[in-house]
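Notes follow once the structure below has been shown.
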Amino acid sequence: MILRPKFFAFLISCAFTGTFCFSQQRLVYKQVDSTTLSMEVHEPVKMEADKKYPAMIFFFGGGWVGGSLEHFAHHARYFSQRGMVCVLVDYRVGNRQGTTPFESLKDAKSAVRFVRAHAGEFQIDTTKIVAAGGSAGGHLAAATALVEGFDEASDNLAVSSRPNALVLYNPVIDNGPGGYGFERVGAAYKDFSPLHNITEGAPPTIFFLGTEDQLIPVETARYYKTVMEKVGSRCELHLYEGEGHGFFNYREFDNYRETVATTDQFLQSLGYLKATPVVPIDR
C-alpha cells in the first residue's frame, strides 16, 4: 500500500479499457497566489510493492494561451497500461490566468520537481522520468531539460527539474527572431528557447514533426537534431510527409497510433519499457 499525504487525493477512480485497467487521481502540486494548479496521475494497477516504475509527465499544447489536461489523456491511459506512472499537468496560460510563457515554464519546472520530490509515494524511478508535450507543451517539456532559470521562488531548487528523456510532438523549439513566440518573449529568447540552450548532457529525445507544419519548419527540426548530436546526445527525428501541426493528436487516429507505437519503441530502447504487457492501441 502506498501512503500519501492528505493533500494528495481529492479524486480517485479506476478506469477500464478492455481487459486492461489503470487507476487515476487528481492532486494539487502548486499554489500561486489565488491560483491552484493540479495534476492528474494515472498509475498501472497491481503495482508491485518493492518495484519502481518509470514516469511520463505530459504538457498540453495551446500556445501558452489555452489547452487542457485532456490533450494527452489517451496517451496517459495507454502508457500507464504499459507500466508507467503518467502525469497530466495543468499550468498557467494566458486565457485563464492572464500570464506569459514565462509563468508556464515556471509551472512546468515545478511539476517535474513535485514528481521527483514525491517519487517514493508513487513508486517512481527517478532515473527514468520522461517529459513529453505537444506544440507549446513540447516547448515546456524540452525547456525543463535544457533551459536554466525561470524557477518559481517557492520551489526547492535542490530538487532537479530536469527529466531523463524527452518525447516531443511538433514542439516549439525556436523562440528566436523568426521562430514561434518571439513577439511575446523578446530578447529573453536567448535564455528561453530550447534550440538556443542545447548543451552537453541533453537527455535522449524523440521528435515528431509533419513536413507541412506551419509553425515549426522542417529545417529547424533538422538543425535541432544536428546540435543535439554535436553535443553527444541522441535525437531521433521522425518526419511525417504532408502532415500539418497537431497531426499526432488522437482525432487523427492513424497518426496517433503510429506515433504512440514509435514512442513505445523509443522508450523500450532506453530500457524504460519492456515488450510486455502488450497493450492494443485502439479506440
Per 5 angstrom bin, beginning at 0 and ending with the bin that holds the maximum distance, the Cα pairs of the range 98-161 fall in percents of 4, 18, 29, 24, 16, 7, 1, 0
Calculate, in nm to one decimal, what Thr211 and Val231 gain on full extension: separation in residues at 0.36 nm each, minus their alpha carbon distance. 4.7 nm
Euclidean distance of C-alpha centroids, the range 138-212 and the range 36-89, integer Å: 20 Å
For the range 139-178, what is Rg from Cα atoms divided by 2.2 N^0.38 Å, rounded to two decimals? 1.33
Hydrodynamic calc, the chain: Kirkwood Rh from Cα pairs, then Stokes-Einstein at 4 °C with viscosity 1.567 mPa s, so D in µm² s⁻¹ is 69 µm²/s
With eigenvalues of the C-alpha gyration tensor scaled by 5 and rooted, the range 141-239, Å: 22, 17, 11
For 63-69, 265-271, 130-136, 110-116, ranked highest to lowest by mean beta-carbon neighbours within 10 Å, the order is 130-136, 110-116, 63-69, 265-271
Percent carbon-and-sulfur accessible area, the range 182-267, ignoring ligands, DNA and RNA, probe 1.4 Å: 46 percent
How large is the dipole of the chain about the Cα centre if only Lys and Arg carry +1 and Asp and Glu carry -1, each at its Cβ, rounded to the nearest 20 debye? 760 debye
Net charge near Leu37, counting Lys/Arg +1 and Asp/Glu -1 over other residues with Cβ under 10 Å of its Cβ? 0
Expressed in angstrom and ordered largest first, the alpha-carbon extents of the range 64-144 along the principal axes are 36, 25, 19
With Ala111 itself left out, Lys, Arg at +1 and Asp, Glu at -1 over residues whose Cβ is under 11 Å from its Cβ give +1
Percent of Cα pairs exceeding the 16 Å cut-off, where the set is the range 193-232: 34 percent
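The values are calculated or read from the model by the stated rules, or taken from the named source; none is laboratory data. A quick note: this is a predicted structure, and the numbers were derived from the prediction, not measured. Neighbour counts run over all protein chains shown; Cβ positions are idealised from the backbone, glycine included. Ligands, DNA and RNA are stripped out before the accessible areas are found, and what is left, the full protein with its side chains, is counted by its heavy atoms. Shrake-Rupley method; radii C 1.70, N 1.55, O 1.52, S 1.80 Å.
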